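Note sheet for the following structure.
The values are calculated or read from the model by the stated rules, or taken from the named source; none is laboratory data. From a predicted model like this one, the values you see are computed outputs, not experimental measurements. Because the Cβ atoms are built from the backbone with ideal geometry, glycine has one as well, and the counts that use them run over all protein chains shown. SASA here: full protein model, heavy atoms, side chains in, ligands and nucleic acids out. Shrake-Rupley method; radii C 1.70, N 1.55, O 1.52, S 1.80 Å.
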Amino acid sequence: MEIARANEGAFRRGDAARFTGEVWLRATVAAPDGTNVGVVLFAPRARTHWHRHPGGQFLYGLAGRGRVRSRGGAGHVLGPGDVVWVGPDEWHFHGGNPDEPMLHVAVNGGGAPEWGDPVTDEEYAEGF
Ligand code: MN
């Protein structure tokens, strides 16, 4: 059994090769198959680049509100208590709302995500 205590995990700044704006990530624990749980804080308008997870990803909103959208799909506002399932290899982004930060838990299926281009301001606004 492994426990990641809330007061022990350091947040690290998301790097510009994967994120736009100010994003802070805290990794926690990982299962033998690579499934892992992270906590992510997005400033308003901050977001991931387009990316996909080979094992899919659950997003669970904790605080604030943010945006999540699959490429070519409708936009969804993610708020506290909402759960989103992003299927395997589904290109998508997630981030803060235009005027609100968002804190979410991410449960990531095994396998390294593939990262693509930054989400442009037009793509960030599309579908909302
Ligand atoms: Mn994702």
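Here are the numbers for this structure:
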| item | result |
| --- | --- |
| Those strands (runs of 3 or more DSSP E) lying entirely in the range 1-79 with at least 3 residues within 17 Å of Tyr124 (Cα to Cα) and within 16 Å of the ligand (Cβ to nearest atom) | 66-70, 75-78 |
| Selection count, the range 75-106, where residues are touching a Ser or Thr at 6+ places or on another chain (Cβ under 7 Å) and touching a residue at least 40 places away in the same chain (Cβ under 8 Å) | 5 |
| The range 88-128, subset under 10 Å from His49 (Cβ atoms) and away from the ligand (no atom under 11 Å from the Cβ), residue most open to solvent (accessible area, probe 1.4 Å) | Asp117 |
